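Colleague: For reference, the structure I am asking about is given below.
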Amino acid sequence: SFIRIGDGEIGLLNGGQVSYQKYEKLLADNIRLCITNYSNKTSYLLAIPSFVEYTNQDLKQTKGGLVCWLPLKVMYRQIFNKNAKYVDAHFFYYKKNVDILIEKYLFKKNLVINTTEENFKKISSGNRKLNILKYVEAVSPNPFVRFDSTKDEIQDAIDSYKGDKKDIVIILSSGPMSKALAYFFSMQSVQCIDIGLGIEQFNENFNLETTI
């Protein structure tokens, strides 16, 4: 599985909120577990922005600047496992990576998709024909208010599937809640991809590279 941690999640750990998700203690606790339990042996890869290695001067030159990325850099030093390997949290913001993921892998899988209705319409309007086993809507804002029911719907889709569970991939694009869901289902050996905004590139007409 693939779980991304960015500035929004770090803000929640510090008691803050993002525009589409208010602070929830249970959500913050789940995010912290994703981070503190991570190692090279866990059933998921943890992805973080490369900015954690930047100097403060270099951070000033990024789009987010110090305000956005310095808290992440500080938190990385405090609670992240320095012996573990990490991948780039912006990996799926690069269109070619999403194209490869779909064409070489996801076309062969049965997908459970959790995202907003708006995002689902975007990806459904493209020419790619994916095998969608189940769509579970993520409300916006504050998708975490439906965490339990969302988890139950996804679990029902998995349990009712008659084939090999290894053929199922859960695609998550529901803000910080995606981390909690991916963490939960990865513990059941169900593959999850916390793709974030990268889901828009399931529609071949979208490109997010300029937003990094």
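The values are calculated or read from the model by the stated rules, or taken from the named source; none is laboratory data. Model, not experiment: these values are computed from the prediction. Virtual Cβ from ideal backbone geometry, glycine too; neighbours counted across all protein chains shown. Surface areas here come from the heavy atoms of the whole protein model, side chains and all, with no ligands, DNA or RNA. Shrake-Rupley method; radii C 1.70, N 1.55, O 1.52, S 1.80 Å.
Colleague: When only C-alpha pairs under 8 Å and at least 6 residues apart count, what is the relative contact order of segment 1-116, in percent?
Modeller: 29
Colleague: Sorted from largest to smallest, which semi-axis lengths in Å does the alpha carbon gyration tensor of segment 1-72 give for its equivalent ellipsoid, taking the root of 5 times each eigenvalue?
Modeller: With the √(5λ) rule applied to segment 1-72, the semi-axes are 22, 18, 9 Å.
Colleague: With a/c under 1.5 counting as rounded, go ahead and sort segment 59-106 into rounded, prolate or oblate using the C-alpha gyration tensor (a ≥ b ≥ c being the square roots of the eigenvalues; past the cut-off, prolate if a/b is larger than b/c, else oblate).
Modeller: oblate
Colleague: Evaluate the Kirkwood expression for the hydrodynamic radius of segment 7-142, namely the inverse of the mean inverse distance over all pairs of different C-alpha atoms, and round to one decimal in Å.
Modeller: 17.3
Colleague: Compute the separation of the alpha-carbon centres of segment 43-121 and segment 159-190 and state it in Å as a whole number.
Modeller: Rounded to whole Å, the Cα centres lie 18 Å apart.
Colleague: Explain nothing, just the number: relative contact order of the chain, from Cα pairs under 8 Å at least 6 residues apart, as a whole percent.
Modeller: 29
Colleague: With +1 on each Lys and Arg Cβ and -1 on each Asp and Glu Cβ, and nothing else charged, work out how big the dipole of segment 1-151 is about its Cα centre, in Debye to the nearest 20.
Modeller: Magnitude of the dipole: close to 420 debye.
Colleague: To continue, here is another question. Stretched out fully, how many nm does the piece from residue 149 to residue 209 gain, at 0.36 nm a residue minus the Cα gap?
Modeller: 18.3 nm
Colleague: Moving on to the next point. Within the set 85/108; 109/162; 63/122, which residue pairs have Cα atoms separated by over 19 Å?
Modeller: 85/108; 63/122
Colleague: Can you give the accessible area per residue of the chain, in Å², using a 1.4 Å probe?
Modeller: 50
Colleague: Largest first, how would 189, 39, 178, 125 line up by accessible area (1.4 Å probe)?
Modeller: The most accessible residue leads, giving 189, 125, 39, 178.
Colleague: Please list, by residue number, every one of the trypsin sites (Lys or Arg not before Pro) in segment 111-174 that is coil in DSSP and has at most 16 other beta-carbon atoms within 10 Å.
Modeller: Listed in order of number, the matching sites are 128, 129, 162.
Colleague: What whole-number volume per residue, in cubic angstrom, does the convex hull of the C-alpha atoms of segment 81-211 give?
Modeller: It is 125 Å³ per residue.
Colleague: Please give me, ordered by residue number, the trypsin sites (Lys or Arg not before Pro) of segment 36-110 that lie in loop per DSSP and have at most 13 other Cβ atoms within 10 Å.
Modeller: Here the sparse-neighbourhood loop sites are 41, 63, 82, 85.
Colleague: Calculate what fraction, in whole %, of the accessible area of the chain sits on carbon and sulfur atoms when a 1.4 Å probe is rolled over the protein chains.
Modeller: Percent of accessible area from carbon and sulfur atoms in the chain: 50.
Colleague: Among the aspartates and glutamates, select those whose C-alpha is under 18 Å from the C-alpha of residue 82, and discard any that sit fewer than 8 residues away in the same chain.
Modeller: Answer for residue 82, where 18 Å is the Cα cut-off: 53, listed by chain and number.
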